[in-house]
1. What are the residues in the stretch 176-186 that are in a helix (DSSP H, G or I) and in contact with a strand residue (DSSP E or B) (Cβ under 9 Å, 6 or more places away or on another chain), if any?
2. Find all pairs meeting these conditions: Cβ atoms under 6 angstrom apart; at least six residues apart or on different chains; first residue within the stretch 59-71 and in contact (Cβ under 8 Å) with a residue 40 or more places away in the chain; second residue crowded, with 17+ Cβ neighbours inside 10 Å and β-branched (V, I, T).
3. Looking at (1) in a helix (DSSP H, G or I); (2) more than 30 Å from Y96 (Cβ to Cβ); (3) at pLDDT 95 or above; (4) under 20 Å from the mean Cα position of the chain (by Cα), which is the only condition A189 fails?
4. So which residues in the stretch 120-146 are over 24 Å from Q48 (Cβ atoms) and not aromatic (F, W, Y)?
5. Among the numbered criteria (1) at pLDDT 95 or above; (2) out of contact with any helix residue (DSSP H, G or I) (no Cβ under 9 Å at 6 or more places or on another chain), which one does T33 miss?
Amino acid sequence: DKKPGQGHVDPKTAAIMSNAPGIKVASVPGGSTITMPMLADKAPFSSQDFRLALKYAVNRAELRDKVFLGHASLANDHPVPTFDKFYNADIPQREYDPEKAKFHLKKSGFEGTKIQIHAADAAFSGALDAGLLYVESAKKAGIDIEVVREPNDGYWSNVWRKVPFCYCYWGARPTPDLMLSLAYICGAAWGDTNWCNEKFTNLIAAARVELDEAKRKAIYADAQWILHDQGATIVPLFQNIVHGLSDKVDTGGQMSGAQPLDNFRLFKKWSLTA
């Protein structure tokens with residue numbers, strides 16, 4: 001799951017392929033997330049205000065345009081994609097706001113604290129470039145960040161879940177429960193922040209057994225608010241699923257963004273034209 005290159009092509013390759021004869025590029029909004037987990041049991045990341053400062057210091061649109069070359073959509077610091085029926089559209093999109101970042105930085109009591117973010121292209125193609133952009137956008141908020149370049153080899157065993165702040169990538173899951181239970185609840189098997197919010201965890205447990213879909217949607221809406229405001233993971237973007245296809249391939253209409261290769265239904269949906 002930690003191989004974002006599987007099943008689709010990276011943005012730079014897509015740009016080259018789009019100019020190749022007989023090739024078309026299909027870019028479909030997806031549910032895979034680019035994330036920046038913080039260890040919430042380590043200062044200064046233990047401060048909710050410091051985490052909010054870091055969230056407001058990310059220029060998501062710049063990241064989408066310059067690193068992903070447009071092949072991504074803005075995320076709102078939780079992993080539920082906009083096309084999911086349980087997505088909470090009432091949460092305002094968090095924008096890049098250096099002044100709000102400064103406010104929360106001052107409130108946190110950690111002004112002047114230099115931090116590091118660890119990056120390697122093992123996390124996702126362009127992670128190092130993302131880090132350099134973040135250094136500049138955070139600087140305007142008075143936050144001093146250093147990018148630590150890590151080797152691709154061993155990134156998932158030696159860096160992820162070990163260092164206080166790094167880049168990560170999560171493949172999409174078919175339901176919010178699978179994603180949130182796997183990585184966000186207290187004691188999550190693949191949690192990468194050590195963040196534990198009992199109310200959030202109880203909400204996810206309640207949603208899992210709620211049969212009324214409207215009530216379940218309301219529960220997930222509350223859970224997304226908690227992650228947005230209090231969570232220890234910055235989720236700036238959803239990565240598109242990008243395919244390079246022969247121009248003879250007919251995908252049969254709108255492709256799914258749930259998983260690569262049209263949610264692996266290519267043999268059922270796609271066909272070749274003359």
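The values are calculated or read from the model by the stated rules, or taken from the named source; none is laboratory data. These figures come from a predicted structure and were not determined experimentally. We place every Cβ from the backbone using ideal geometry, glycine too, and count neighbours over all the protein chains shown.
1. Here is the first cut: in the stretch 176-186, the residues in a helix (DSSP H, G or I) are 176-183.
Scanning the stretch 176-186 gives M179, L182, A183.
2. Going by the 6 Å Cβ cut-off, the qualifying pairs are H71/V242.
3. Looking at each condition in turn, A189 falls short on (1).
4. If the condition is that a residue be over 24 Å from Q48 (Cβ atoms) and not aromatic (F, W, Y), then A120, D121, A122, A123, S125, G126, A127, L128, D129, L132, L133, E136 are the ones that fit.
5. (2)
Conditions tested, residue by residue: (1) in contact with a helix residue (DSSP H, G or I) (Cβ under 7 Å, 6 or more places away or on another chain); (2) surrounded by fewer than 19 Cβ atoms within 10 Å (Cβ to Cβ); (3) assigned to a loop (DSSP other than H, G, I, E, B).
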site: V58; (1), (2), (3): yes, no, yes
site: D65; (1), (2), (3): no, yes, no
site: D77; (1), (2), (3): yes, no, yes
site: V80; (1), (2), (3): yes, no, yes
site: F86; (1), (2), (3): yes, no, yes
site: E111; (1), (2), (3): yes, yes, yes
site: I115; (1), (2), (3): no, yes, no
